[in-house]
Every structure is written in C-alpha cells, then in structure tokens.
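Everything on this sheet refers to the single structure shown next.
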Amino acid sequence: CIDNPSDQKDAAICSAQTQTVMLPADRQVQPVEEAVRGDTLVTVVIDGLPQPLTYSVPEGVSARIGSIVRVELGASPRLGWVVSDQGLPVQPVEIPTDRRPAEAEQLSLLDSGELSTRLKPILASLPAFRPEMLPLFQWMADYYGVPLVDVLETAIPLPNSVLKELDAQFLPPKRAPRKRAIQNPEIDEQAKKGAPELTASQSEATSTLVKAIEDRTFQPFLLFGVTGSGKTEVYIRAIESALAIGKSAIVVVPEIALTPQLFDQFSSRLDCELAVLHSEVGASERWNTWQRVLRGELRVVIGARSAIFAPVQDLGLVIVDEEHETSYKQAEGLRYHARDVALVRGKLTGAPTILGSATPSFESILNASRKRYHLLEMPTRVSTRPLPAIEVVNLREVKRRDMPSENISPRLHELISETLAKREQVIILYNRRGFSSYLQCGTCGESLSCPHCSVTLTYHRRKEIALCHYCDFSMPVPSHCKECRDPKRVRYEGDDDGDWEEYGKMLHIGGGTERVVSELETLFPETRIVQMDRDTVTKKDAYRRILGEMRSGAAQMLVGTQMIAKGHDLPGVTLVGIINADVGLHIPDFRSSEKVYQLITQAAGRAGRGSEPGRVIVQTREPHHPTIVATVVGRFRAFARFELDRRKKLHYPPYGRLMRLVVSAPLKDEALEAAQLVARMAQELIKRQTAEREGVEDEEIPFRMQVLGPAPAPQERLRGRFRFHLLVKCPSATALSRLARELNEWKGSRRAKPAFRLVVDIDAVDML
C-alpha cells in the first residue's frame, strides 16, 4: 500500500502491498562537534565497514552528497560514497577485533581530539547520483535489511573504466557533443506523428493523470486496460504533460525487448531527447548516458528494472509498464522489486506513479479495491477492435499419429496455413528454450544431468551442445549412454516389422522453441520464421532486428518464450498459438496459477491488434483446469477473487508478508546443518521481537510471525551447492525488515563452521 501517516514523523513508504515501513529518525546524519568547525568534511560509506567514516575535502576537489570518491583506508586506496556533506558526530567507536591496524586507526579518529589535523582527505570525486535520491536508497537499506553501501553499488552503474580513472589525478571527461540518444538513426528522418483520437476511457484516464501531474502531488494509479486498449498512448500524453511543466519522467519495462518499440513510439511523438538504460547497453555508453541524465540534459528515461534509479532532474512522473511481471524482482545480489521502489521514489519526490497492466498483480488488485491505488480502467480495445477469440485444443483427445508434428496439433496447423495464405502473420509461444527438454537413455532410462545442478541438460541443436540453463555448464552431445554403451544390437520384444534399435542410444525427450522452429520449417518450408528467446538475443540490437523483420513483413512467423508475450504491438499478427499452456502450472509456487493466467492472456493479446480480427489456439492437456478456463472465458476478476480467497486463508501475499531464506553449502549435510542453524536463529530473533511487544494490543495483526522449514529447495543443487530453504510469514513489513537486517548482521559476524551462504529475500517471487 501507499500510506501517508501524517502523525508519524520520518515515515517513508511501504512496498506495493499492505504495510508501512518507517525510516528511523536515528539514521539521520548529525554534524561533527565544534572542535572541527571551519573544516570541510563529508561522511563516506565504504563497502565492508560497519559504519560511515569522516574525511576532509581539500581545495580543488568537489565532493558532495551523491559523489563517488577515492579515499585511503589505512594505506589502501578504497572507493566510497558521500552520504552527508557534514561529518559524523564525535563519539566512541567499537573497533572490530578482526580489523587491520591501519583501518582501526582510521576508525579511532572519530573518538580522538585530532579530527581537524589527522582526518585523511578525499583524493578524487565524481558525481554519481542526486542528493535528493539518498532517502530512497536509505529506505531500500532499511526495508531489505542491508547496508546502505550495498544499495548504492546495486543502483549506480559504474563501469570499470571510470573506477580506474578515479584517482588523485582524475579529471572529468570532456563534455560530449549533444546528440540524439537513439537506437534507430532512421527516426531522425521521420516526421513527428500526430496524436490519435482518444477513446472515452483513454480520455478519462489521461485527464485524471494530467491533473495529478500538474498538481505535482504523488498519487499511485493502477491503469487496468485490456491488451490493445491503448495504454501506451496514455503514457505519451502523461509524459507530454510532465515535460510541459518542466518535469522529467522515468518509464520502466519488464523486458529489454520492449525498449526499442517504446523508444520508437516515444521518439515519434515527444520533442525531446530520450535516454535508454538497461544492462545490454555497453558499460561506457550507459555511464555516459547516466551522466547526461544527471546533468539534466535528458529528461525522459526508458529502460528495464534498473532504470528506476536514473538520476533525473525534477522527477514528475513514474511509469511501470506491465507492472505484474515478476522480472521486476532482482534475482541476484540485492533482491529489490523495481515496482515497489518506483512507488517509494514517486512518494518521496511527489511524482504521480502509474502501474499499467492488462493482468494486474493480485497485490495491486487488492490495493485498488482498498482505495490505496486510484483505479483507471480501459475495458475495450481502440477502434472498437474485438478481443481475439480463444479456442482450446485438448491434446489428450488428439491421437499421436494425427499430429502433423511433435508439437503442432491438426487444428493449429490448419489455422497457420489459413493465416499464411491470407498473408497475415503468426506468433507461436512455447515457454521452454532449446531443441529438446532433455536427453534420456533408451535402455536404462538415465537422463543427462548437469554435474553442478539438480536439473537435466537441455539439448540445443544449433550449437550441438547440451546446456544447463542455470549455471551455463555445457558439453558435447553424446550419442550413447556412457553406462550402457555396447556395440551389439538388440531387437525389441514385439517388433514385428524387423526394425532394430541401438543399445544405450540417447533419445531426445520433450521440446523447446528450437524444436518448434524446426518442425514449422519442415511444415512450412517457404515461410520466413524468426525465433526470440535468450539463445537468440545475445547480440546488441538483436531484439530490434527480430521484431523489425516482423513489422516490415520480411518474416511471417515469430516463435519464442515468454519474452514475446509482453507488450509487443505487431499489427500484422492475427493468429497466436500456445504450444503447451500447462508449462509452469504445477511448479511448487503459490503464484503459479496467477503467472500462467497472465502469460496466456498477454500472449493472446498479441493477436488482432491491426485491422483484422485475431484468433488464439491454446493447446493443453488440462482444458478443465480453473486457470485455463478462466483465461479462455476472460473472467479475470472472478479468477482473482478465487485465488485471493485461497491466499487469505494461508496468510500468503498480499494478506501477509513473505521472506524466503535460502541456505547453501558444497555438501548436503553441511547445508542441512546450516539451514537448521538459521531456523533456530530466526526463531530466537522472532521470540525477542515478540517479547518486546508483550502487552501491546494490535487488532490489525491477523497472525503471528512464523517460520516454515527448512526443506530441500525444489532445485536442490545449483552451481555445485546444495540448497535448503525456509519461508517466514509475517503480518508486518517493519518486523520482517528488522528480522532480515538482524539475520544479515548475524551471518556477517559469525566465523564458526559450517561455512555457508545465506540469501535473505524479502517479498520473494522465486520459490525454486
């Protein structure tokens, strides 16, 4: 939720769910004592140190809040971040027993009378973020229970070239000539497009948003519009309104693949330069763009998850497109959720924040129903275009001999043929990569598995390798099982036609996007088919090239994983085929049904966005599953009510907070022992919190914090380490954040065996 408790000083915001997180007043940095008055001092946080340090700023060096600096810690050069343009209070400092003498000496200066003469100077400085962004970073540190320096190192995209140059002789780079930050040079030659006429629902949504932008007040909006309802046009009108009053805007999308399309649409309408920020932009180019944003030269930023940290000047609007997507949750390092960070940033800067989706997350649905979000609905497509008709193919009723290929049903084959004959385009979704799901010995049944992870290797025919999709281990594809290989041949029982099979031969089981492409190329040899998944978008601008072929008509068919299902506007597509709608339906995750519903609905929405109506074929072996039924009949609200009622009974999000603890070690026994140790420590910390609340009445707390597990993680072995996990359910965001911080501090301070890794994941979305 987004609460505004006027009676609570220093209140920050909650994430996009149900509780309020407080920004503690004792985290504010206070000035140094009178003994050092007149000196220019700054407070610096450094990775690995338990608390900030004070440094002096010599003449000729400009260091302020938001600067990255090179300093000395003892005799060693280190990098740090300026978090105050004053100094820390002079007070006793507890020096860790394992600290090196030189570091201990530097820390002890805080408790000496020689600050003005012995403090070490800043050696070099470079602006990295805006001072007004510090409260956001501090909120993240408090909420996710990590040191502030961890947040800064996650948010700021420093390339190695900058780190190497940041020394005592550092000179800022020459200002680059102004140029249009675009990915497609042809855009400059195109005339600006005119604004289309708005539908009634678009007009109503736009008017509401423009008023909030002009009022310069934060409001969270849920823009709930069906696929093809014109949400992008509403975004453009809102951005134009922000620019008109001198404000800037940030637009985040869940997939890098969506940035070229949005960039082209925005470039054709907005009379300003655009910045693109995501991980596939080169490090130096990304840093140069970051600096131009920081200087105020670029006022509209488009990018994936990390673009939410862009240091724009006078932020007036934040847009989170496809807000339901779990890819907004960082999967490594600091596991922040970009949607939640966007809401907090909007609150702290007074910027209206739009969450847009055709299939909103259940957290957002609940917040809208409780009036914490302002709901804007767009229930119809533009130009009165109908939503595509969805037809289900029950694969259990299709005989194998009647299948045109392994994955293409007769009905799907028929409609593909009709669509291509009309010179229209087709999208085929299969949410698995590779040519075959795994390789299995036809004799003993053993599968070819990753030596480092408890998963099978996927066969990729294009590269002729067997690949692990988790640790990237690969190996040449064996033709025979190493355990069963035998030169002799045997005749299988009952094989009357005289066919012979090799003993120990490896068989290709299951399929993926690569196999589907191969089958379609055989069935439709004259058709240009392009593939989009993680295997085909490894090169820069691969997204633009692949989607460009579809938009130009050079390709007639697009096959891909979930990345093709989100937000793409391909007017020539009139048929969408979903190969196996059951993928992901039965994984051990309480959100599995929600994710499958969203994926199918989003994929279906790619059809019929042009002048011709669309059709969708859903192939499934469970046509009567509630998720499949709800998707086919389009009963999103009924489906949401059913799922939310189930979660409420179990205290799952959004009716409670959830933290996942993942413990790993090289040996299974060590991992289990460590997980049990973590469970005991978590229980002890929870008891301590409960004791502190003894006698405090709180009728809003529906249940008490509880720890479930440990149990083996569904992916028990990953990258050579055995994994156990625990779930912590909690009604309070504040209590959960405190527990996360205490667990991180406890793990960081202990040196005894067993040695293990601990991942603390607040608001976890990955249960594997």
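Structure values in brief
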quantity	calculated
Output for region 544-583, where each listed residue is open to solvent by less than 20 Å² (accessible area, probe 1.4 Å) and in a helix (DSSP H, G or I)	Ile546, Leu547, Met550, Met563, Ile564
Number of the condition not met by Gly608 [criteria: (1) at positive phi; (2) open to solvent by 20 Å² or more (accessible area, probe 1.4 Å); (3) among the small types (Gly, Ala, Ser)]	(2)
Residue within region 702-709 that is open to solvent by 60 Å² or more (accessible area, probe 1.4 Å), without any contact (Cβ under 8 Å) to a residue 40 or more places away in the chain and in a helix (DSSP H, G or I) present	no
Matching entry among Arg299, Arg372 (being without any contact (Cβ under 8 Å) to a residue 60 or more places away in the chain and open to solvent by 10 Å² or more (accessible area, probe 1.4 Å))	Arg299
Subset of region 327-341 (residues that are under 8 Å from the mean Cα position of the chain (by Cα), crowded, with 17+ Cβ neighbours inside 10 Å and hydrophobic (A, V, I, L, M, F, W, C))	Ala338
Residues of region 584-605 classified as aromatic (Phe, Trp, Tyr) and surrounded by fewer than 20 Cβ atoms within 10 Å (Cβ to Cβ), total	1
Residue selected from region 60-88 under the condition among the polar types (S, T, N, Q) and part of a strand (DSSP E or B), by the criterion farthest from the chain's Cα centre (by Cα)	Ser76
Qualifying residue in region 79-95 (condition: at pLDDT 90 or above and over 30 Å from Arg738 (Cα atoms))	no
Where Ala675 falls short, out of the listed (1) outside any loop (DSSP other than H, G, I, E, B); (2) at positive phi	(2)
Of all residues in region 36-52 being surrounded by 13 or more Cβ atoms within 10 Å (Cβ to Cβ) and farther than 18 Å from Val151 by Cβ, the one that is modelled with the lowest pLDDT	Val36
From Ile617, Ile628, residue being part of a strand (DSSP E or B) and either at pLDDT 90 or above or in contact with a Gly (Cβ under 9 Å, 6 or more places away or on another chain) (or both)	Ile617
Condition check for Ser417: within 33 Å of the chain's Cα centre (by Cα) and of a type in the set (Gly, Ala, Ser)	no
Residue within region 720-729 that is under 23 Å from the mean Cα position of the chain (by Cα), among the β-branched types (Val, Ile, Thr) and within 28 Å of Glu363 (Cα to Cα) present	yes
Residue within region 410-418 that is basic (Lys, Arg), surrounded by fewer than 19 Cβ atoms within 10 Å (Cβ to Cβ) and in contact with an Asp or Glu (Cβ under 8 Å, 6 or more places away or on another chain) present	yes
Residue list for region 634-676, filter: free of Cβ contacts under 8 Å to residues at least 12 places away in the same chain and closer than 24 Å to Cys453 by Cα	Asp669
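Okay, residues lined up against (1) within 23 Å of the chain's Cα centre (by Cα); (2) modelled with pLDDT under 95:
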{"residue": "Val234", "(1), (2)": "no, no"}
{"residue": "Ala257", "(1), (2)": "yes, yes"}
{"residue": "Ser268", "(1), (2)": "no, yes"}
{"residue": "Leu277", "(1), (2)": "yes, yes"}
{"residue": "Asn288", "(1), (2)": "no, yes"}
{"residue": "Arg299", "(1), (2)": "no, no"}
{"residue": "Ala304", "(1), (2)": "yes, yes"}
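Matching residues to (1) modelled with pLDDT of 95 or more; (2) open to solvent by 60 Å² or more (accessible area, probe 1.4 Å):
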{"position": "Leu348", "(1), (2)": "yes, yes"}
{"position": "Ala358", "(1), (2)": "no, no"}
{"position": "Glu377", "(1), (2)": "yes, yes"}
{"position": "Thr380", "(1), (2)": "no, yes"}
{"position": "Leu387", "(1), (2)": "no, yes"}
{"position": "Arg396", "(1), (2)": "no, yes"}
{"position": "Arg401", "(1), (2)": "no, yes"}
{"position": "Asn407", "(1), (2)": "no, no"}
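The values are calculated or read from the model by the stated rules, or taken from the named source; none is laboratory data. None of the values given here were measured: they were computed from a predicted structure. All Cβ positions, even for glycine, are placed from backbone atoms using ideal geometry, and neighbour counts span all protein chains on display. The area values use the complete protein model at the heavy-atom level, side chains included, leaving out ligands, DNA and RNA. Shrake-Rupley method; radii C 1.70, N 1.55, O 1.52, S 1.80 Å.
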